[in-house]
Amino acid sequence: MAVDRTYRSQDFIAQYLDTDGDDTGTKNAIGDYSSTADIFYFEPTRRAEIARMVIHIRDDGSWRHERYGGISGGLTNGVRIRVSDDDGVVINLDGGVAIKTNASWGRVCYDVRIDTVGAGQTMLSSRWTFMKSGIPIALDPDRGEKLEVVLNDDLSALEEHYFMVQGRYA
């Protein structure tokens, strides 16, 4: 039996994680989350398969591998990536080790690029292809499953800090 690989455009997912999980909240994660953690997330309204997440960071600071963006010294608590449901954390996609530096993205994503554009502007682009791990991240809204990025540091020095998920509704 042949597998139908045709998809309708309304099944395609290309959405930034945000503070409301539904594409209506804050998408640019550049606040001071040091005293109270904030979660940027994607919560589907129907069963979803997330093939990858694209991470984008941009700012004017002095970039080095041991920093996060241009933030001197890296992060204290780091960025955590996980899947949760109504009962709590289902899986820590970061393997239980927070992303605290620019170089740390390479531990989980492998595809990481840092570019300097003009005078002072530097960007980190990273592609985390879940499909290359074997399967996409499946999210079931009936169980309250969502893909989350947890932030608990001061990221207000960054110009841009985005997380986009791509995949399809099953």
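Every number in this text was worked out from the coordinates using simple rules, so none of it is lab data. Remember, predicted model here, so these are calculated numbers, not experimental data. Note: ideal-geometry Cβ built from the backbone for every residue, glycine included; neighbour counts use all protein chains shown.
Data overview
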quantity: 10 Å binning of all Cα-Cα separations within the chain, expressed as whole percents from 0 upward; calculated: 10, 39, 34, 13, 3, 0
quantity: Selection from 19, 51, 90, by position along the positive dipole direction of region 3-125 (Cβ); calculated: 51
quantity: Magnitude of the charge dipole, the chain, Cβ model with Lys/Arg +1 and Asp/Glu -1, debye to 20; calculated: 760
quantity: Mean separation of Cα contacts under 8 Å (6+ apart) over length of the chain, as relative contact order %; calculated: 41
quantity: HN-Hα J in Hz across region 90-101 - Karplus 6.51, -1.76, 1.60, θ = phi - 60°, x for Gly and Pro; calculated: 8, 7, 8, 5, 8, x, x, 10, 5, 8, 10, 9
quantity: Among 157-166, 104-113, the order from most to least packed when residues are scored by Cβ within 10 Å on average; calculated: 157-166, 104-113
quantity: For region 115-170 versus region 11-45, the gap between their alpha-carbon centres in whole angstrom; calculated: 10
quantity: Over region 71-170, relative contact order from alpha-carbon pairs under 8 Å, at least 6 apart, %; calculated: 33
quantity: Partners for residue 27 among aspartates and glutamates (Cα-Cα distance below 19 Å; same-chain residues under 8 apart left out); calculated: 18, 38, 43, 59, 148, 153, 154, 159, 160
